[in-house]
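This report refers to the structure that appears directly beneath it.
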Amino acid sequence: MPSLVLLLGLIAGWLGLGLAGLLRPHSVGFVARVIFPLGALVALAVGLVGLSALLPGAIAQVLVLPLGLPDLPFHIRLDPLAAFFLLLLGSAGVGISFFAAGYFRSGQGTAPGLLCLQYHVFLASMAMVVLADDAYLFMVAWETMALSSYFLVTTQHRIPEIRRAGFLYLLIAHVGAIGILLSFGVLQGGSWRFTFDAMRGQTLGPARASIAFLLALGGFGAKAGLVPMHVWLPEAHPAAPSPVSALMSGVMLKTAVYGFLRVTLDLLHTDQWWWGGVPLAIGLGTALFGAVFAAVQTDMKRLLAYSSIENVGLIFTALGLALFFRSFGLQLFAALALSAALIHALNHALFKSLLFLATGSVLHATGERNLGKLGGLIRRMPWIAATALVGTLAIAGLPPLNGFVSEWLLLQAFLSTPRIPKAFVNMLIPLGAAALALTVALAGYVMVKFYGVIFLGQPRETALAKAHRSGWLERIGLTWLALGCVVLGAFPRLLLDAAAPVTQTLVGATVHRGRATWAIAPIAPEQASYSGLLFLAGILGVVGFTFLAVRRIYHGRVRRTAAWDCGYPWQTPRMQDTAEGFGQPIRHIFGSAFRIERELPSPWDSAPRYRIHIEDRLWRALYVPLGRAVQRLADLVAVVQGGRLSIYLLYAFLTLIGLLVFVL
Amino acid sequence: MNPFAVARQVGAVLLAIALAPLFMGWVAQCRAWLQNRSAPPLLLPFRTLRKLFWKDAALAEHASPLFRSTPYVLFGTMVLAAAIIPSVVLDLPFVLVADAIALVGLFATARVFIALAAMDIGTAFGTLGARREMMIGFLAEPALLMVFFNAFLISGSTALPSIAGRLAAPPFIIYPSLAFAGVAFVMVLLAENARIPIDNPATHLELTMIHEAMVLEYSARHLALVEWASALKLFNYACIGFALFVPWGLASQHASPGTLALAVVALLLKLALAGAALALVETVSAKLRIFRAPEFLAMAFLLAVLGLLVHLLLGA
């Protein structure tokens, strides 16, 4: 079992690098330029090990570590599912770590050395979550991940809003962790053995299995950001430094997907037909919710956070379909839906990290996160703009980039639902497909807004003219991720190949991959096929040919003038659409989804002021009453807290008596 | 790969490129007749294109490379779309590369690029047009996808030639779901091609224009390519409509030259009728207020979803 030992070594390497940062905690030069690039190389190695465990012929490896509590050693296991998520972690981690090397600089908040420790512990804990083979180690790694990311989110801990965002994140992470813990408690089924192997051996009744399933969905859903437990995402992601946002959104949300897959498709091997409906419905709702809310945001990182909610929704939609298909014995289609989920998780890790990092560069160059004060950066920061364009097109699900591949697979999975032999389900699925199509189209709207307002047009503030270019380390990180989007889009077969061992172990089938390496036809070539490479070649070929033909036959003469704009001479950059203006149609169409507070200036104001505040209705409908209820409950409990030592001693005494009575 | 199939493929694409401006001219002519105006010559679009190609391009000072490359990308996506849609022959080798879902993606790519280009110069009209175009698009795109899903439920394939071949094959059956899809498709076609009642291709009135607002900053060869791409888009939509709703007359795999010629005649006939019908629709309807456009498109979307439900309910 060499590759598992190698992996442990690599994870230890990450921890070691993190500790090394403490040697010179205030030296940005040492921490950023030396340690972070080394961390990136470790990430590359982790990704490669993950890839090697997905190659045909690789077998699952297990290892028992003599760590942990007495009688409770740590079990670890490298199987295809774990390997796929290690590949995801590694491939996104390379780009993010390289970028982080150029990104972090001294300032207020956490010292660079400490940040470096937290960052690498975060990476290592995510790898351990994926490798864990017993509930104990899983929870330890899961909590380490939550805590290390909490400290990373609150890097700028002197700002009250950031402390508040961090608290919200920690709270919901722990509510989720309780759900996961309880789910494992049900899964052990009375055997009191907490290795995953023992759990696989248990046969639970339908009621118990359903409870475990729902607890897992709730627990992992809180981490993934499913509605209604999404509220921490748009707060925590903007608060964190950009590489951390990228890591959280691109990779950490996927560990929740991993956990859900592990519990539902691996540990629970009985299933009820209705199980799939729950993640499917919640996923679709989440996706649509995320897309609609992303369209009205004015802060670029909040916009991306809502877009992450949308993408997680899409992944859970695909998982729901996979569960549906599996419970009706349609293994091939279950494999198709599961592949769509896995591939979308990987794709999202690449393009969302890319976009978060790009916002980081913009933030550094301009000091602005507010879309309303940006604009025209394509001329100041061409490299960032070019890579961000790739990410934008990929996340909008446009061919021939990688985002389209997973959406295509998901739509194909939806189209296979008429084969489900249950009329009721059959009727509901078209509505699901419609919601999915709407979400995908809205994502395009959101991304045009994101890219157009930041990078195109004219600078909305004069200060933007001083925006400086990014460093070369940042460029390496961005280019790596952008290349990933293009290559995986051109060779979708690679994605299917990577997902195949996972679907084989989890649902017992793989999609058809055919002999042709340049095209995919997951069900049958007559039904549907797609080739990213030829698509790309086709577009580039026609574009190139047209360009040359027009140049050759006619001419390439260009005269530079002022913008025409119907001849209106007094244009200012403020006449462009703001982010708010661009989102206005969505606000208009989906008005009832938001709680809008608007302050309009009157014509007689000497200093007119326009203010709009858009809020999630769930805050007031769910979280505020919930908070009040908890407060009331706490007040009731507070009655017994007299604040005097003698009373507490009395409690202890009474408890002892009670226990004695109970024992005797 | 069969060289004849490739030749037919290339031929079909070239035919599309050549016929698209002609179709535009035909629609304009029909419209003029119906509105009691003297009609412009049929070949006017070609003359306009030729004139535009010879002119010097005037470009805003701060236009980025994205702005300059977008016309080529638009033209490229529309040509590629023409390679997927069966207009004359059913046997298109390129169909293995992209199916109907990819076709919707291709249209979306074109839309995203033109909207980005419109925002690039940073004028009031450009961003206004981009916003409106994306608003139309995010409702029209799922509606079009749902129309294709209707066809999929009948034919079991998302490849357009397979759909057309399956629908054209005897026996002749009337599918109620396709009736819903047909109405939805016509509504999407009108919206996506900037026709009345959503947009007016002949207007430059600030408050109402959508497509024209986005291309205001283009001139000369760039504008020519944009216009040609728009013509190709309309032609492509018409051909999608033919493939889904009147799939007869397409030449099959082993067609003789005679049958091919017949297929071209059938296409011309269909185009002539469709152009006249389009002009009629545009003449009898008034332009909607921009705020009404979402309702119009939501109706198209719901009709297409209803078609799906009808199909599943009736089991046919």
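Values in this text are rule-based calculations from the coordinates and carry no lab data. All figures in this text were calculated on a predicted structure; none of them were measured in a lab. Because the Cβ atoms are built from the backbone with ideal geometry, glycine has one as well, and the counts that use them run over all protein chains shown.
What full-extension length gain, to one decimal in nm, is calculated for A:Gln504 and A:Glu597 as 0.36 nm per residue of separation minus the Cα-Cα distance? Mind showing how you got there, number by number?
Working: separation 93, 0.36 × 93 = 33.48 nm, distance 5.14 nm.
Here the answer is 28.3 nm.
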Tell me, what is the FRET efficiency for B:Leu14 and B:Arg68 to the nearest 0.05, using R0 = 22 angstrom and their Cβ-Cβ distance as r?
0.30
How about region B:155-240: which chymotrypsin sites (Phe, Trp or Tyr not before Pro) there are in a DSSP loop, with at most 15 other Cβ atoms within 10 Å of their Cβ?
B:Phe172
Amide H of A:Asp134 versus every other amide H placed in the peptide plane: which residues, excluding those fewer than 5 positions away on the same chain, fall under 5 Å?
A:His75, A:Phe196
I'd like the FRET efficiency for B:Ala286 and A:Ile159, computed as 1/(1 + (r/R0)^6) with the beta carbon distance as r and R0 of 60 Å, rounded to 0.05.
0.65
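Rounded if a/c is under 1.5, else prolate if a/b is larger than b/c, else oblate: which is region A:275-551, with a ≥ b ≥ c the root eigenvalues of its Cα gyration tensor? If you can, show how the numbers build up before the last one.
Values: a/c = 2.29, a/b = 1.59, b/c = 1.44.
Verdict is prolate for region A:275-551.
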Going by the alpha-carbon gyration tensor, a ≥ b ≥ c the square roots of its eigenvalues, is region A:1-54 rounded (a/c under 1.5) or, if a/c is not under 1.5, prolate (a/b greater than b/c) versus oblate?
oblate
Which value, in debye to the nearest 20, describes the size of the charge dipole of the protein assembly as shown about its Cα centre when Lys and Arg Cβ atoms bear +1, Asp and Glu Cβ atoms bear -1, and nothing else is charged?
1500
Take the alpha carbon atoms of region B:204-282, find their center, do the same for region B:75-101, and report the distance between the two centers in whole angstrom.
14
When the Cα centres of region A:199-236 and region A:435-486 are compared, how far apart do they sit, in Å?
33
Members of A:Lys373/A:Lys449; A:Lys301/A:Lys373; A:Lys223/A:Lys422; A:Lys223/A:Lys449; A:Lys352/A:Lys466 lying beyond 21 Å, as alpha-carbon distances in this model show:
A:Lys223/A:Lys422; A:Lys223/A:Lys449; A:Lys352/A:Lys466
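How much net charge surrounds A:Met128 when only the other residues with a Cβ under 14 Å from the Cβ of A:Met128 are counted, with Lys and Arg +1 and Asp and Glu -1?
-1
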Taking the Cα centre of region A:366-432 as origin and charging only Cβ (+1 Lys, Arg; -1 Asp, Glu), how large is the dipole, in debye to the nearest 20?
120
Distance from the Cα centre of region A:7-68 to that of region A:303-346, in angstrom?
29
Using only C-alpha positions, report the orientation-averaged shadow area of the convex hull of the protein assembly as shown, nm², one decimal.
45.2
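Restricting attention to region A:539-606, which trypsin sites (Lys or Arg not before Pro) occupy a DSSP loop and are surrounded by at most 15 other Cβ atoms within 10 Å?
A:Arg557
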Below 8 Å, C-alpha to C-alpha, sequence gap of six or more: please give me the relative contact order for chain B in percent.
30
Label-point separation, A:Val661 to A:Leu69 (7 Å along Cα→Cβ), nm
3.0
Row for region B:1-118, column shape: gyration tensor on C-alpha, a ≥ b ≥ c, rounded if a/c < 1.5 i.e. under 1.5, prolate if a/b over b/c, else oblate; value oblate
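With an 8 Å Cα cut-off and a minimum separation of 6 or more residues, compute the relative contact order for chain A in percent.
12
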Counting other Cβ atoms within 10 Å, keep those with at most 15, restrict to DSSP loop, and tell me which trypsin sites (Lys or Arg not before Pro) in region A:33-130 are left.
A:Arg105
Placing each pseudo-label 7 Å from Cα in the direction of the beta carbon, A:Ala607 and A:Ile178 end up separated by a distance in nanometres of 4.7
The local net charge around A:Thr392, scoring Lys/Arg +1 and Asp/Glu -1 for residues other than A:Thr392 whose Cβ lies under 14 Å from its Cβ, equals +2
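Please tell me the relative contact order of region A:275-551 in percent, rounded to the nearest whole number, where contacts are Cα pairs under 8 Å and at least six residues apart.
Details: 446 pairs, mean separation 64.4, N = 277.
Relative contact order comes out at 23 percent.
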How long is the gain from A:Val487 to A:Arg105 if the chain were fully straight, where each residue apart is worth 0.36 nm and the alpha carbon distance is subtracted?
134.3 nm
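With a Förster radius of 51 Å, plug the Cβ-Cβ distance of A:Leu431 and A:Ile59 into 1/(1 + (r/R0)^6) and report the FRET value to the nearest 0.05. Intermediate results must be reported in sequence, preceding the final value.
On the way: r = 43 Å, r/R0 = 0.84.
My answer for the efficiency is 0.75.
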Simple label model, 7 Å out from Cα along Cβ direction - A:Arg559 to A:Ala386, nm
3.1
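If you add up the charges near B:Leu59, with Lys and Arg at +1 and Asp and Glu at -1, over every other residue whose beta carbon is less than 15 angstrom from its beta carbon, what do you get? Can you show the working numbers first?
Working: positive: A:Arg379, A:Arg557, A:Arg559, A:Arg560, B:Lys55, B:Arg68, B:Arg221; negative: A:Asp565, B:Asp56, B:Glu61, B:Asp120, B:Glu217.
Surrounding charge for B:Leu59 is +2.
Dipole size in debye (nearest 20) for region A:275-551 around its Cα centre, Lys and Arg Cβ +1, Asp and Glu Cβ -1? List each step's numbers first, then the result.
Working: 19 positive and 8 negative charges, 94 e Å.
For region A:275-551, the charge dipole is close to 460 debye.
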